[in-house]
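Visitor: This is the structure I want to talk about, given as structure tokens.
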Amino acid sequence: MRKQTVDIIENLVKELKPFLVVDSISVVSGNYLIQTNCTWWLSIKDSIDLGGTIYTIEDFTINESILVSGAIPPNVGSYELPVPNYIHGTLKMAQNEVDAINNKELLVPFVYLFEVIRDRKNTDEESMIDRTTELRIFFLNSANTSDWLTDDHYENVIYPMQQMVDLFMAKVKINKLFAENLDYECLPLINISEEGQQENSIFDCNLSGIELRLTADIRFDLSCENKCKC
Amino acid sequence: MALCKCNTGGGNTGRPSCYGVFDVTKQAVFVEYYTETGDINGIELSTLAGGTTLDQAYLDARIKDVNPRTRWYPTPELKNITDERADDITEEFEDTSSVFIQEGARTFTGWIIKGDPVLLGNLKSWRCLTVGVFFIDKSGNLIGKQTREGYLDPILLQDDSFSATLIKGTDTTKQKNQITFDISQLEDDADLRMIEAAQVTANLLGVGGLVDVNAGTPTNVTVNGFDVQLNTPFGGVTSPIPAEGMTVADFEANEISPSAGAIVLSSVVESATVAGLYSFTFSVAQTSGDLIQISNPSVSPLLKSLDLNKFNVTIP
């Protein structure tokens, strides 16, 4: 059996586990200022585990520094970031899944693959393309919609989540299941809402992020890992 | 090229139910075809882990080999690849029938996106060598040829066919290097074989080659040590990209004259403020007039993907 597109995307999301490289640390007003060249998708009020101690991000400057609070100073070194959560399904099913999580801090950031997905296939024996599919993938993190202006959404969520999208696309490009040249669109979404009208949130929490619209040719897997010919 | 077997019938045409096939090429790995001993610079399969698995230790040993004659030189990712044989050469008769004479030449062309003049210069240096090539495909297979039992050998290139050029960028396209070469007419496509990706535990796909490191003029030279700026040849002429992160284990020191012999370096410390500026300290004070050579360690593999061009220091 060939892998479903939702499973291929899930495997790619599982590869989103970059390292936060802490170059130096200084104490600023009782908090710890971490210098780093890449802050990835870390954002304000996120929690991060640095060597077994949980820290809260109080402030950050993207790809320069992160101000964290915690019980003890963190150490210089590399720390693997946790893989973002992954949800797929129709909007109704995804809403139910998100609603069921009481502590939304455990959910964000997350990747949501919108369904229904249409895989276009063909019977051309020579073709390496198994299916052509159009995907809508949302990369989302929590947002303070009551206090933030548009620029705040960009600085705190859109810019960091764009780095997640960029890393995701880098993984797609080197994945053997994807053809090399892909067309995609990135849509910054502030306080994602039904029809973009800002009146009714899609989920029962306030979220901003990036919508990735990806038209992808998914290739056949040439390996013999799948012995079933069906 | 395979000879006709007149007395054994044709070859069987059956196939197993599932078998690996080559995927699209993503990288080429150039090697000198012959080692210093005259052997083909191939992979002796019995030296792989368990005789079957190409692991990271094996790959590191080949990529970071201190011996440049046996080292592997992987290209960056290649784009817009064509790898096709020209039409067969035939003899045609007056009745328009024809007979096969020989296969056409297989020509490979690929682009290295963001290829630059430094890389171009290094690629051009391959033209005058007897070159072999392995290919790494998108599925992570390592492709070579098998004409010797127990070996996967590189595919021989046609002598002097290797060409590298710089294609400058435009408003809408990036600068790139183009490489072109012909496969030797001595090679037969039927001999192509691979180590399948399932038998490769190393990070083969995407593997990078070594980066040259050049030394500036040593300064603050005393009997106890010296400072030197180490840069890669990449970057601007006034802003070269420094070689960062090297440590004492990345170097070896030897006195060349007046009395040849190994010298122990007690420390090599990179400046905290100037990237690529290193302070070398000898464990024992040297003598005025000694000529000392600094080079890569003599034992493979190198610890980092940096290939130091050896340089000399004269003790004042």
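Visitor: Out of B:Leu123, B:Leu166, which single residue is over 20 Å from B:Tyr34 (Cα atoms), more than 14 Å from every other protein chain (Cβ to nearest Cβ) and of a type in the set (A, V, I, L, M, F, W, C)?
Guide: B:Leu166
Visitor: I'd like to verify a number: residues in segment A:115-134 that are within 14 Å of chain B (Cβ to nearest Cβ), closer than 15 Å to A:Leu177 by Cα and not polar (S, T, N, Q), how many?
Guide: 3
Visitor: Could you identify the single residue in B:Asn224, B:Asn203, B:Asn231 that is touching a residue at least 40 places away in the same chain (Cβ under 8 Å) and surrounded by fewer than 14 Cβ atoms within 10 Å (Cβ to Cβ)?
Guide: On inspection, the qualifying residue turns out to be B:Asn203.
Visitor: Going through segment B:275-297 one residue at a time, which ones are touching a strand residue (DSSP E or B) at 6+ places or on another chain (Cβ under 6 Å) and open to solvent by 30 Å² or more (accessible area, probe 1.4 Å)?
Guide: Those that are touching a strand residue (DSSP E or B) at 6+ places or on another chain (Cβ under 6 Å) and open to solvent by 30 Å² or more (accessible area, probe 1.4 Å): B:Ala275, B:Leu277, B:Ser279, B:Thr281, B:Ser283, B:Leu291, B:Gln293.
Visitor: Ok, one more. Based on this model, can you work out whether B:Gly14 counts as more than 14 Å from chain A (Cβ to nearest Cβ) and either of a type outside the set (A, V, I, L, M, F, W, C) or assigned to a loop (DSSP other than H, G, I, E, B) (or both)?
Guide: Spelling it out, B:Gly14 is indeed more than 14 Å from chain A (Cβ to nearest Cβ) and either of a type outside the set (A, V, I, L, M, F, W, C) or assigned to a loop (DSSP other than H, G, I, E, B) (or both).
Visitor: Output the residues belonging to segment B:108-150 that are β-branched (Val, Ile, Thr) and open to solvent by 50 Å² or more (accessible area, probe 1.4 Å).
Guide: Of everything in segment B:108-150, those that are β-branched (Val, Ile, Thr) and open to solvent by 50 Å² or more (accessible area, probe 1.4 Å) turn out to be B:Ile113, B:Thr130, B:Thr147.
Visitor: So is B:Asp153 surrounded by fewer than 16 Cβ atoms within 10 Å (Cβ to Cβ), in contact with a Lys or Arg (Cβ under 7 Å, 6 or more places away or on another chain) and closer than 27 Å to B:Leu48 by Cα or not?
Guide: No: the conditions fail for B:Asp153.
Visitor: Pick out the one residue from B:Val29, B:Val21 that is within 14 Å of chain A (Cβ to nearest Cβ), among the β-branched types (Val, Ile, Thr) and closer than 21 Å to B:Thr147 by Cα.
Guide: From the options B:Val29, B:Val21, the qualifying one is B:Val21.
Visitor: OK, next. Within segment A:1-22, can one find any residue that is over 15 Å from the mean Cα position of the chain (by Cα), modelled with pLDDT under 95, within 22 Å of A:Asn75 (Cβ to Cβ) and not aliphatic (A, V, I, L, M)?
Guide: Checked segment A:1-22: no residue is over 15 Å from the mean Cα position of the chain (by Cα), modelled with pLDDT under 95, within 22 Å of A:Asn75 (Cβ to Cβ) and not aliphatic (A, V, I, L, M).
Visitor: If I ask for residues that are farther than 15 Å from A:Asp130 by Cβ and surrounded by 13 or more Cβ atoms within 10 Å (Cβ to Cβ), which ones from segment A:7-16 would you list?
Guide: Scanning segment A:7-16 gives A:Glu10, A:Asn11, A:Leu12, A:Val13, A:Glu15, A:Leu16.
Visitor: Can you confirm whether B:Asp60 is open to solvent by 30 Å² or more (accessible area, probe 1.4 Å), over 30 Å from B:Asn177 (Cβ atoms), out of contact with any helix residue (DSSP H, G or I) (no Cβ under 9 Å at 6 or more places or on another chain) and away from every other protein chain (no Cβ under 14 Å)?
Guide: no
Visitor: Follow-up question, since we're still on this one. So B:Leu54 passes all but one of these: (1) out of contact with any Phe, Trp or Tyr (no Cβ under 9 Å at 6 or more places or on another chain); (2) away from chain A (no Cβ under 14 Å); (3) surrounded by fewer than 18 Cβ atoms within 10 Å (Cβ to Cβ). Which condition number does it fail?
Guide: (3)
Visitor: Let me ask something else. Of the residues B:Gly236, B:Gly245, B:Gly216, only one is on the phi > 0 side of the Ramachandran plot and open to solvent by less than 50 Å² (accessible area, probe 1.4 Å); which?
Guide: B:Gly245
Visitor: Looking only at segment A:19-68, filter to residues that are open to solvent by 60 Å² or more (accessible area, probe 1.4 Å) and charged (D, E, K, R); which one of those is nearest to A:Val83 (Cα to Cα)?
Guide: A:Asp49
Visitor: Within segment B:163-184, how many residues are open to solvent by less than 20 Å² (accessible area, probe 1.4 Å) and part of a strand (DSSP E or B)?
Guide: Qualifying residue count for the region: 6.
Visitor: For segment B:192-207, which positions are within 12 Å of chain A (Cβ to nearest Cβ) and touching a strand residue (DSSP E or B) at 6+ places or on another chain (Cβ under 9 Å)?
Guide: Listed by number, the residues that qualify are B:Met194, B:Glu196, B:Ala197, B:Gln199, B:Val200, B:Leu205, B:Gly206.
Visitor: Go through (1) more than 14 Å from chain A (Cβ to nearest Cβ); (2) within 30 Å of A:Lys171 (Cβ to Cβ) and name the single condition B:Val237 misses.
Guide: The number of the failed condition is (2).
Visitor: If a residue has to be of a type in the set (Val, Ile, Thr) and open to solvent by 30 Å² or more (accessible area, probe 1.4 Å) to count, how many in segment B:27-51 make the cut?
Guide: Counting residues in segment B:27-51 that are of a type in the set (Val, Ile, Thr) and open to solvent by 30 Å² or more (accessible area, probe 1.4 Å) gives 3.
Visitor: Please list, ordered by residue number, the strands (runs of 3 or more DSSP E) wholly in segment B:247-316 having 2 or more residues that are over 30 Å from the mean Cα position of the chain (by Cα), of a type in the set (Ser, Thr, Tyr) and over 27 Å from B:Arg69 (Cβ atoms).
Guide: Per the criteria, B:265-270, B:277-282.
Visitor: Which is aliphatic (A, V, I, L, M), in contact with a helix residue (DSSP H, G or I) (Cβ under 8 Å, 6 or more places away or on another chain) and closer than 27 Å to B:Asp189 by Cα, of B:Leu142, B:Leu152, B:Leu157, B:Leu166?
Guide: Matching residue, one of B:Leu142, B:Leu152, B:Leu157, B:Leu166: B:Leu152.
Visitor: If you don't mind, another one. Filtering segment B:68-93 down to residues that are open to solvent by 40 Å² or more (accessible area, probe 1.4 Å) and in a loop (DSSP other than H, G, I, E, B), which residue is farthest from the other protein chains (Cβ to nearest Cβ)?
Guide: B:Phe93
Visitor: Does any residue of segment A:36-54 turn out to be closer than 30 Å to A:Phe220 by Cβ and of a type in the set (Lys, Arg)?
Guide: No, because not a single residue in segment A:36-54 is closer than 30 Å to A:Phe220 by Cβ and of a type in the set (Lys, Arg).
Visitor: Scan segment A:29-47 residue by residue and report those that are aliphatic (A, V, I, L, M) and at pLDDT 95 or above.
Guide: A:Leu33, A:Ile34, A:Leu42, listed by residue number.
The values are calculated or read from the model by the stated rules, or taken from the named source; none is laboratory data. In this text, all values refer to a predicted model and were calculated from it rather than measured experimentally. FYI the Cβ positions are ideal-geometry reconstructions off the backbone, even for glycines, and counts take in every protein chain you see. When the accessible area is computed, the model is the full protein with side chains, heavy atoms only, and any ligands, DNA or RNA have been set aside. Shrake-Rupley method; radii C 1.70, N 1.55, O 1.52, S 1.80 Å.
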